[in-house]
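The structure appears below as structure tokens.
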């Protein structure tokens, strides 16, 4: 079965019309029967499940789908979204295989970026450049983001593009933006050198669905030796100081990139506003 997709840049895919009736899912998720929570400085969100299922290897669809439905407290959405998530991420992984110790499909979270000057980072970005994989914590124990899938439920707002900075092996970088359409699913690596930010949207709230493939790590030997030597609290404090310095050096500064976030759009077949050239 052929899959409709566009590769904007190596490993950054758009799957158009991945989900139908997106307006319905926005309205249904806001009907008062679901528990929405604060989503930091960005708005609000609710997770469609509380449990993570660990697979020793990439699961077959039937195994994935059964777990997605059984663990969800929004099974009607888990049904349609789970099928799109599995189909498109499996397609991506067939093109770019990943070897992981285990596979965890995170619970999809429906998120609302709330309009307002107090939300986000500065005037250009509501979410600053980052990688979903927590940079600097490679040796720490925990669930690590490996592959990101973001589905866009609406496009009736102005601006609101997703902006990428990809650091190339020759020391240069590629900068571009994409304006998603309702129903688009974007799939891309969660790790550096792929960094992304989100521009502010104007006119209406912006709704997305976030989900990931993750891998659970136990932490390397040096991490556990540090815990034994310094104690957990002191060791965490020491490592956080290292991470802060590392992130300052390696994560793109949104203030520096604010005027050039779409520098390479034309070369990649995109208009300055992030839409595809006709």
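Just so you know, all these numbers are worked out from the coordinates, no wet-lab data involved. Treat the numbers as computed from the prediction; the structure is a model and nothing was measured. Heads up, the Cβs are rebuilt from the backbone with ideal geometry, glycines too, and the neighbour counts pull from every protein chain shown.
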* What list of whole percents do you get for P(r) of region 140-278, with Cα-Cα distances grouped in 5 Å bins up to the one holding the largest distance? -> 2, 8, 14, 17, 17, 14, 10, 8, 5, 3, 1, 0, 0
* **Cβ crowding within 10 Å averaged over residues, with 246-252, 94-100, 270-276 ranked highest first** => 270-276, 246-252, 94-100
* Where does each of 174, 148, 139, 169 land when they are ranked from fewest to most other beta-carbon atoms within 10 angstrom? -> 169, 139, 174, 148
* Can you give the calculated 222 nm mean residue ellipticity of the chain, where each DSSP H run of n ≥ 4 adds -39,500 (n - 2.57) and the sum is split over every residue, rounded to the nearest 500 deg cm²/dmol? -> -8000 deg cm²/dmol
* Distance (nanometres) between label positions extended 7 Å along Cα→Cβ at residue 204 and residue 258 -> 2.8 nm
* According to the square roots a ≥ b ≥ c of the eigenvalues of the Cα gyration tensor, what is the shape class of region 26-143, taking rounded for a/c under 1.5, prolate for a/b larger than b/c otherwise, and oblate for the remainder? -> oblate
* Structure fact -> Taking only the alpha-carbon positions of region 196-278 as identical scatterers, the Debye log10 I(q)/I(0) at q = 0.16, 0.22, 0.25, 0.26 Å⁻¹ comes out as -0.93, -1.16, -1.23, -1.25
* Which distance in nm do the two modelled labels at residue 36 and residue 79 give, with both placed 7 Å along the Cα-to-Cβ direction? -> 2.4 nm
* **Shape parameters for region 152-203, alpha-carbon atoms, Rg then Dmax in Å** => 12.6, 40
* Structure fact -> The orientation-averaged projected area of the Cα convex hull of region 1-95, in nm², is 8.0 nm²
* Structure fact -> Quick note, region 125-167: a/c under 1.5 would make it rounded; otherwise a/b > b/c is prolate and the rest oblate (a ≥ b ≥ c, C-alpha gyration tensor); here it is prolate
